[in-house]
Amino acid sequence: MILSRKRPIFLLLIFLVIFSCNKFGGNGINEGVMKYKITYLEDKADNPLISLLPSHLEMFFKNNSVSLCVQGWMGIFESTFIKQAETGNTITTLKIMNKKYYYISDSVVGFMGETKYNNLQFEFDDITKNILNFECKHATVFVPSENFEFDIYYTNHIAINKPNCNTVFEKIPGVLMEFQVEMNGIPMHLIATELVEKEVPDNSFNVPDGFKEVEKQEVDTIFSSIM
């Protein structure tokens, strides 16, 4: 929950590049699909763009690789963030109608118009919440430069190695299950609503055919102009 917001913040969905540091005694789910519901924290009457934005995000994970996918604008827009476990690279793709782009990075990158934050502070406590039958732990995230804070819940019961690595949430030791982010100044709340343990094709973590490699700045510029 947002307690205060001095000005629009650009947090990432990369946050979602969710790699759990600890495995759940060998019984944790290490392959499958997680679905998150996206709720926008602005009124559609004040920002009509919200009605065209993604309503959910899907996370595919297998052998510590993760792919996050969102679609919006009635299917015209699609963006995917891929973290490849073997290479350590992150890949961001952007498809708008018949135009397809991607860029590769080996460091922290933005996703869907966000910009990274520095010096985030985390306060852990004993609060828990049941989400999808997982007992999730709580933490408060502080952004001192923005006079801003929000709550997150995470779990250690999904067996993915190294949570949130190469993200501003690297200190969170588990898979994020409920949290908040902002995309180009639009605040949103995400919560996991479905988790299916299933086989995920290996090519889910590769760049699809037909995509053109460009510089990160070009993808960011295209996305910002759309917004």
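Only the coordinates and a few stated rules stand behind these numbers; no lab work does. Just so it is clear, the structure is predicted and the values come from calculations on it, not from any experiment. Reconstructed Cβ throughout: ideal geometry from the backbone, glycine too, with neighbour counts over all protein chains shown.
A compact table of results
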item	result
At R0 = 25 Å, FRET efficiency that the Cβ-Cβ distance of Asn161 and Asn206 yields, to 0.05	0.80
FRET efficiency estimate (nearest 0.05) - Cβ-Cβ, Asn47 to Lys100, R0 25 angstrom	0.35
Nitroxide proxy distance, nm - points 7 Å out along Cα→Cβ at Asn89 and Thr128	4.1 nm
Calculated from backbone phi, Karplus (6.51, -1.76, 1.60) coupling profile of the stretch 81-90 in Hz, x at Gly/Pro	10, 10, 10, 8, 5, 5, 8, x, 7, 10
Proximal charge balance of Ala85 [Cβ under 10 Å; K/R count +1, D/E count -1]	+2
Filter on Lys171/Lys212; Lys100/Lys137; Lys137/Lys198; Lys37/Lys171 - keep pairs with C-alpha separation over 28 Å	Lys171/Lys212; Lys100/Lys137
Amide hydrogen neighbours beyond the local backbone of Met183, cut-off 5 Å, H modeled	Met188
Packing-based ranking, highest mean first, of 98-104, 41-47 given that Cβ atoms within 10 Å are counted	98-104, 41-47
3J(HN,Hα) from dihedral phi, the stretch 170-179, Karplus parametrisation 6.51/-1.76/1.60, rounded to Hz, x for glycine, proline	4, 7, 7, x, x, 6, 5, 10, 8, 6
Cβ-based exposure ranking for His56, His157, in which fewest neighbours within 10 Å come first	His56, His157
D_trans [Stokes-Einstein, Kirkwood Rh over alpha-carbon pairs] for the stretch 14-226, 25 °C, 0.890 mPa s, µm² s⁻¹	139 µm²/s
Rounded to whole Hz, the Karplus (6.51, -1.76, 1.60) HN-Hα couplings of the stretch 131-138, x for glycine and proline	10, 6, 6, 9, 7, 9, 8, 10
